[in-house]
Amino acid sequence: MVAPLGTMLRNLWSYRSFVLGMASREFRARYLGSVLGSVWAFLHPLTLVFLYTVVFGHLMRSRIPGIDDALGYGVFLCAGIFTWTAFTEILQRSVTVFLENGNLLKKMSFPRAALPAIVLVSALVNFVIVFSILLALLLLLGRFPGWPILGLVPLLVVQQALALGIGTALGVVNVFFRDVAHLLTIGLQLWFWFTPIVYPISILGDRMQTLAHLNPMTDLVAGYQGILLHGAWPTWHAWLPQAILAVLALGFARALFRRLAGELADHL
Amino acid sequence: MPRIVARGLGKKYRIYRHPLARLVEWASGDRRVLHHAEWALRGVSFEVADGESVGIIGMNGAGKSTLLRLLTGTTQPSEGSFHVAGRVAALLELGLGMHPEFDGWRNAMLSLQLLGLDDRQVRDALPFVREFSELGSHMDQPVRTYSTGMQVRLAFSVATAVRPDVLIVDEALSVGDAYFQHKSTSRIRAFQEQGTTLLFVTHDPGAVKALCRRALLLDRGTLLRDGPADAVFDYYNAMIARKEEDAHIEQLESGGRTVTRSGSREAEITAVTLHGADGAERATFAVAEPAVLEVRFRPRVAMPSPTVGFVIRDRLGNDVFGTNTFHQGVAHQPCAAGGELVARFALGLSVGPGSYSVTVALHTEHAHVDASFDWWDRALLFEVVPGEVRGFTGVAALPVRASLERGGG
């Protein structure tokens, strides 16, 4: 029942209309029945971007070493938070995706990999909206980093792959032990604060900094911050270890799925 | 090359007392076993040839749905193997994946995608969906405004928009009004004629007889019988009758305690049974089959002329037919207290397929209003299924002879 990788990808490809259809439907469903419709999809991140750059930028300007212009802190925040949100979105949604679609899994035969794929597509759409607003803002403020912006792509790919791997693995286990979803929420809170997103890494002491570098997200987020703040291309620190982790996570998720797929439908 | 092959299929469910038990078992690498196994299905082997239609019957809990889930791949077998060739469409539940806020078109599209159709196939199938469901302009409305019947029509139209190689149906046909049921059955028949292999699961033997020539009988997870639908169906009948016999006894006991019986009890009905022409006690009959209704009773006091009456009612409680020994001119049988009497009514069950009940009464003279000794509501339930007499609708199987000629004569 669980096919080799090549077959899995081929089945998934033949179900691409389904994946895209479901993702599109989810997006629409969120704004169905509202007057402004999908305009809300832009308003929310727009407000956040405004808050972070303008409000916090002015408030925090004098308190963070190394970043001393009004908009610097705002951009710093946006670089970290928006990408972190994309990361957690995939994680949170993957962990419940099997449970949520229990009925489908029990009664309908379709490639199970379609479910995480839908999560991926959905998250991608949301991220594109949010980030395009941010980039538009940067352009407006004359802080557009230029070509290094392309450096975002490999970082994002690695990040979302990592999230998908961890999320799907947890999602499978969550079917049997619903605690996992709760554990993830707590875990993500902690992870957020252990990653220099709201504060620059430089405010940590030496020992703490070493510990912080053990966190794979630290260098990844630093990569984003580097691109958007300084226009610097990311170094291999920012993506290579994370890419390896992502591959391991995806492999683990797949192995877990193979082992438990048979019982999955019985438990839903 | 057979379409479906199953060898020693088995499905075991692990029942854990507490989720923690499962965790401990996992952690020990399955070394400590903390579950008890329940086999929903075991040792099931059979083959289905290309284009064949097979019914799968059995009582609730026999393992029919489990077998389907295995064959459609939604769950994995614990033992054995199976192989299904070609495109499989399963009607296990109608309306899967439908979102109430979206209109009929969008829901149809998504459900078609869920079946694995690509964009072009989806586009081509949509006009059929609109036509078959007869939803017309309702297709533009959100599904939450649909009545249940409309939702069913949409779901069924989507599920049968494209002919599959193998069609597996799980009791999804018995929904909707009579008109739509007819339509759905015709659609399935059309697929059969075009070569689709059909697996039809139900616990209504009548439906199986209508569509399939072969049947598999499952009971408590094992395959009991595999053969021509008629033979398997007879065996199933016998099983049910045996079960209902126990049910009769229960009913009798509960009858004594509940208010399904009334009367002075100067005489008491002790048994109400239906028998086939061969004398065997049965609960299922074919249309127009001869049957014998037997009512045994025991008077407590001597009585000169007890009258035994019965009325057969349909599922909705409408009187279908009733009479009693008085009206039938049966000679009086006076009897002393304590003796037992048996009243027999030989009937031709010329009624339409369905579920019927028999209410029996014991009284004096011609009507129960004089003195009712015992009145037993729904003393017996029986089922009538399509037999040799078919091709009609309604509760009365009236004898008919039809002809078509040129007018003028």
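Of the residues making up the range B:113-127, those that are in contact with a helix residue (DSSP H, G or I) (Cβ under 7 Å, 6 or more places away or on another chain) and either open to solvent by less than 40 Å² (accessible area, probe 1.4 Å) or more than 11 Å from A:GLY21 (Cβ to Cβ) (or both) are B:GLN113, B:LEU114, B:GLY116, B:LEU117, B:ASP118, B:VAL122, B:ALA125, B:LEU126. Here B:LEU114, B:LEU94 are screened, and the one residue that is under 25 Å from the mean Cα position of the chain (by Cα) and within 12 Å of chain A (Cβ to nearest Cβ) is B:LEU94. In the range B:74-88, is there at least one residue being within 10 Å of another protein chain (Cβ to nearest Cβ), free of Cβ contacts under 8 Å to residues at least 60 places away in the same chain and open to solvent by less than 20 Å² (accessible area, probe 1.4 Å)? Scanning the range B:74-88 turns up at least one residue that is within 10 Å of another protein chain (Cβ to nearest Cβ), free of Cβ contacts under 8 Å to residues at least 60 places away in the same chain and open to solvent by less than 20 Å² (accessible area, probe 1.4 Å). Is there a residue being without any contact (Cβ under 8 Å) to a residue 12 or more places away in the chain and either within 11 Å of another protein chain (Cβ to nearest Cβ) or touching a strand residue (DSSP E or B) at 6+ places or on another chain (Cβ under 8 Å) (or both) anywhere in the range B:99-106? Checked against the condition, which is being without any contact (Cβ under 8 Å) to a residue 12 or more places away in the chain and either within 11 Å of another protein chain (Cβ to nearest Cβ) or touching a strand residue (DSSP E or B) at 6+ places or on another chain (Cβ under 8 Å) (or both), the range B:99-106 yields at least one hit. Where strands (runs of 3 or more DSSP E) fall entirely within the range B:289-369, those with at least 1 residues that are surrounded by fewer than 20 Cβ atoms within 10 Å (Cβ to Cβ) and free of Cβ contacts under 8 Å to residues at least 40 places away in the same chain are at B:319-324.
Quick one: how many residues across the range A:12-36 are surrounded by fewer than 19 Cβ atoms within 10 Å (Cβ to Cβ), at the interface with chain B (Cβ under 9 Å from one of its Cβ atoms) and part of a helix (DSSP H, G or I)?
Of the residues in that region, 5 qualify.
Residues in the range A:88-121 that are open to solvent by 10 Å² or more (accessible area, probe 1.4 Å), more than 11 Å from chain B (Cβ to nearest Cβ) and in contact (Cβ under 8 Å) with a residue 24 or more places away in the chain: A:THR88, A:GLU89, A:GLN92, A:ARG93, A:THR96, A:LEU99, A:ALA113, A:PRO116, A:ALA117, A:LEU120, A:VAL121. Scanning the range B:192-236 for residues that are touching a Gly at 6+ places or on another chain (Cβ under 7 Å), among the polar types (S, T, N, Q) and either assigned to a helix (DSSP H, G or I) or surrounded by 23 or more Cβ atoms within 10 Å (Cβ to Cβ) (or both) yields one hit, B:THR197. Residues that are surrounded by fewer than 20 Cβ atoms within 10 Å (Cβ to Cβ) and more than 20 Å from the chain's Cα centre (by Cα) were ranked within the range A:236-264; the one that is farthest from the other protein chains (Cβ to nearest Cβ) is A:ALA255. Is it true that some residue in the range A:140-148 is within 26 Å of A:SER14 (Cα to Cα), away from chain B (no Cβ under 14 Å) and not aromatic (Phe, Trp, Tyr)? Taking every residue of the range A:140-148 in turn, none turns out to be within 26 Å of A:SER14 (Cα to Cα), away from chain B (no Cβ under 14 Å) and not aromatic (Phe, Trp, Tyr).
The values are calculated or read from the model by the stated rules, or taken from the named source; none is laboratory data. Given the structure is predicted, the values throughout are model-derived calculations rather than measurements. In this analysis, Cβ positions are derived from the backbone assuming ideal geometry, glycine residues included, and neighbour counts consider all displayed protein chains. The protein model used for the area step is the full one, side chains on, heavy atoms only, and it has no ligands, DNA or RNA in it. Shrake-Rupley method; radii C 1.70, N 1.55, O 1.52, S 1.80 Å.
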